[in-house]
1. Enumerate lysine pairs in the range 2-285 that are 8 or more residues apart or on different chains, then count those whose Cα atoms are under 24 Å apart.
2. Once the dipole of the chain is set up with Lys and Arg at +1 and Asp and Glu at -1 on Cβ about the Cα centre, which of VAL50, ALA74, ASN263 lies farthest towards its positive end?
3. Using the beta-carbon distance between LEU161 and THR35 and R0 = 41 Å, what value does 1/(1 + (r/R0)^6) give for FRET efficiency, to the nearest 0.05?
4. To the nearest 20 Debye, how big is the dipole of the range 2-285 about its Cα centre, given +1 on the beta carbon of each Lys and Arg and -1 on that of each Asp and Glu?
5. Quick one: Karplus J couplings for the range 77-93, per residue in order, coefficients 6.51, -1.76, 1.60, θ = phi - 60°, nearest Hz, x for Gly and Pro?
6. Once the Cβ-Cβ distance between SER260 and SER210 is put in as r, and R0 is 30 Å, what FRET efficiency do you end up with, to the nearest 0.05?
7. Suppose the chain between ILE97 and MET221 were pulled fully straight at 0.36 nm per residue; how much longer would it get relative to their current alpha carbon spacing?
8. Note the angle between two axes, namely the Cα long axis of helix 142-173 and the longest principal axis of the Cα atoms of the chain, as a number of degrees from 0 to 90, rounded to the nearest 10.
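Values in this text are rule-based calculations from the coordinates and carry no lab data. Because the structure is predicted, anything quoted here is derived from the model rather than measured. Please note: Cβ atoms are built from the backbone with ideal geometry, for glycine as well, and neighbour counts cover all protein chains shown.
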Amino acid sequence: MTILFTKIVVAVGLFACLRFFSGAISSINSTQQLTEKDNPAFGISMAGLVIAVTIMLTGTVFGNPEVTPLQTVASTGLYGILGIFLMSLSRLIFDDIAMKRFSLRDHILKGNIAVGIVDAGNMIATAIIIRSVMLWVEYNTSEGIESVLVGYLISQLLLTLVTYARIHRFSKRNEGKSLQTLLEKGNIAVALRFSGRRIGSAFAISAAASTLLFDLSSFFMLIAAWVLISFCSLVVLHALSYIADKIILANIDIEDEIVSQKNVALGAVQGAIYLSLGLLLAAMMA
């Protein structure tokens, strides 16, 4: 009971420092953006960060019971700080690599709500995967940290490849238009759909870990199996969402409504369909 209470106290302590972490992750003065400029894009981005940090912290309060409360503080605090650092790193990966130097920070400072939504979705997606890896790894040791880092890097690679595929497919289906340009112009419908799909993909990737029993002695074989299962899960998720779209959104020109008419309602529905199917797939594989 003492160990559990100690873990909760450390997790709450990390959560209480959220405004500091928010400023560190985004390099933005949170007080100025929230109170002086009333920036809705930053508010959405920070709300996503609050949810993301909460999701990630649930992965730090489980695991094997430590011997002493001091070890509990060390392990829970270390994994919590590591998770926040990894979320910060994911923003850089998303900004500079996945979206090809798409400046989230600059657009959020300009009050671009669409970009704020995409940033929030990316942080939540990352947190879902970090949590699953933390729960999957059973060791609160240096080997455990290394395992979390490897799992994180592979998951980011998968998410980045999925993003590349979506950007390419979007450009192919909407000739003369790019996903980044529409987000820069503030298309909230596109942002909602993109974020829902990214979070849904994160659920599919994280679900792969629940199908495998962690074993440090065969770690690299486990990673290979995780990548394979994640890929299969993403393919299944895409197929299910395609079928669901055809049924739920029958007789609707989805691309025209979302891309040209900026139909926020339809963007939200399509994003929710993908996210929900990803969550359902993760639950079925658990």
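1. 18
2. ASN263
3. The computed FRET efficiency comes out at 0.55.
4. 520
5. Ordered by residue, 3J(HN,Hα) equals x, 5, 5, x, 5, 4, x, 5, 4, 5, 5, 5, 5, 5, 5, 5, 4 Hz.
6. It comes out at approximately 0.15.
7. The span from ILE97 to MET221 would gain 41.9 nm if fully extended.
8. 0
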